[in-house]
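Participant: Just passing along the structure, written as structure tokens.
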Amino acid sequence: MYIDGYAGSGHHVSRARNELVEGSPLIALNTNPPFHEYHFIDADAEKAAELRKQAGSRGDVFIYSDDCNAVLLSKVFPRADYGQYKRALCLLDPYNINLTWQVIETAGKAKSIEIFVNFMIMDINRNALRKNPDKVVKSKAEQMTRLWGDDSWLDAGYDQVRNLFDEDVPIKVSNARFAEAFRQRLIHQAGFKYVPKPMPMRTKTNAVIYYLYFASQKEAGMDIVNDIFNQYRMKQGL
């Protein structure tokens, strides 16, 4: 099974070329050899409808216009039954930090689902992991807790440093250190056996937009993704 939790319309506009290019759903549909099933989810009804047009009448394609977190847990992940030798590859590319930890952990505990996750560090820094935690909007902090699984992201995201007035002051940790803490959660809390170092995806000004993680139960999957990541690092001079 191929699963795309935030599928979009199937294509998007390339800023570099100013033209429509295939998105992940259409790339997956054109992959050879094919998957047995394709599950595409997007809460935007217009995007889901456009994707239905792109998929045509294929009986192996399932499209849902609803909240990704609910659909994955209730309708899609149960189809990847480990006991029936079902396997799935799931792409989780959220538009912001509205993905929930329950989805990630369920995939890990299933033992049959490999995932790619875009950890939206730029959005996290802008809305939840600010330099001054007192300025974080409560709803954004709660959203971050749902993504992380509990409020231990506060301990992972800040060091307590004693200032000149003998007070403990929270100091924000680096993006790389916070990303590593999330990688450790994928291993120790979600139960994935193999989680390579994530790939930082950057803007033209070298700012990290998100970290791309791969998590699997199979060493072979990690080796393949590590090779791809390393090729990208070489091209970017990282």
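Participant: Would you please give the residues with an amide H less than 5 Å from that of Y158, counting only those at least 5 places away or on a separate chain, with H modeled from the backbone geometry?
Facilitator: When sequence neighbours closer than 5 places are left aside, the close amide H contacts are V173.
Participant: Further question on the same structure: What 222 nm value per residue comes from the helices of the chain, counting each DSSP H run with n ≥ 4 as -39,500 (n - 2.57) and dividing by all residues, nearest 500 deg cm²/dmol?
Facilitator: Calculated from helices alone, the mean residue ellipticity at 222 nm is -10500 deg cm²/dmol.
Participant: How big is the gap, in Å, between the Cα center of region 210-233 and the Cα center of region 43-79?
Facilitator: If you average the Cα positions of each part, the centres end up 26 Å apart.
Participant: Once amide H atoms are built 1.01 Å from N in the peptide plane, which residues 5 or more positions from L91, or in another chain, come under 5 Å H to H?
Facilitator: I3, D4, G5, F116
Participant: For region 22-31, what does the Karplus curve 6.51 cos²θ - 1.76 cosθ + 1.60, with θ = phi - 60°, yield as ³J(HN,Hα) per residue in whole Hz, taken in order and with x for Gly and Pro?
Facilitator: After applying 6.51 cos²θ - 1.76 cosθ + 1.60, I find 5, x, 4, x, 6, 4, 5, 5, 9, 6 Hz.
Participant: Here's a follow-up. For each of T100, T145, count neighbouring Cβ atoms within 10 Å of the residue's Cβ, then give the residues from fewest to most.
Facilitator: Placing the least packed residue first, the sequence is T145, T100.
Participant: Using a ≥ b ≥ c from the Cα gyration tensor of region 25-89 (square roots of the eigenvalues), is it rounded, prolate or oblate, where a/c under 1.5 gives rounded and otherwise the larger of a/b and b/c decides, a/b for prolate?
Facilitator: It is oblate, given that a/c is not under 1.5 and a/b is not larger than b/c.
Participant: Continuing with this model, one more query. Which whole-Hz ³J(HN,Hα) couplings does region 32-39 yield from phi under the Karplus relation 6.51 cos²θ - 1.76 cosθ + 1.60, θ = phi - 60°, glycine and proline marked x?
Facilitator: Residue by residue, region 32-39 yields 10, x, x, 7, 7, 9, 10, 10 Hz.
Participant: Measure up K131/K197; K197/K235; K47/K109; K138/K193; K75/K235; K53/K75 against 29 Å on the Cα-Cα distance and list the ones that go over.
Facilitator: Pairs exceeding the cut-off: K47/K109; K138/K193; K75/K235.
Participant: Give the aspartates and glutamates reachable from K172 as a straight Cα distance under 19 Å; neighbours fewer than 8 places away on the same chain don't count.
Facilitator: D123, D134, E142, D150, D151, D155, D159, E180
Participant: I would also like to ask the following. List the residues whose amide H sits under 5 Å from the amide H of D67, counting only those 5 or more places along or on another chain, with H placed 1.01 Å from N in the peptide plane.
Facilitator: Sorted by chain and number, the residues that satisfy this come to none at all.
Participant: Once phi is turned into θ = phi - 60°, what whole-Hz ³J(HN,Hα) does the Karplus curve with 6.51, -1.76 and 1.60 give for every residue of region 164-173, x standing for Gly and Pro?
Facilitator: Taking θ as phi minus 60°, the curve returns 5, 9, 6, 10, 7, 10, x, 10, 5, 7 Hz for region 164-173.
Participant: Taking volume of the Cα convex hull per residue in Å³ as the quantity of interest, determine which of (i) 190; (ii) 202; (iii) 152 was computed from the displayed structure.
Facilitator: (iii)
Participant: Using only the alpha carbons, work out the radius of gyration and Dmax of region 1-127 in angstrom.
Facilitator: Considering region 1-127 through its Cα atoms, Rg and Dmax are 14.7, 46 Å.
Readers should treat all values here as calculations from the given coordinates under stated rules, not as data from a laboratory. Since this is a predicted model, take the numbers as computed values, not measurements. Counting neighbours? That spans all protein chains shown, and the Cβs are built from the backbone with ideal geometry, glycine included.
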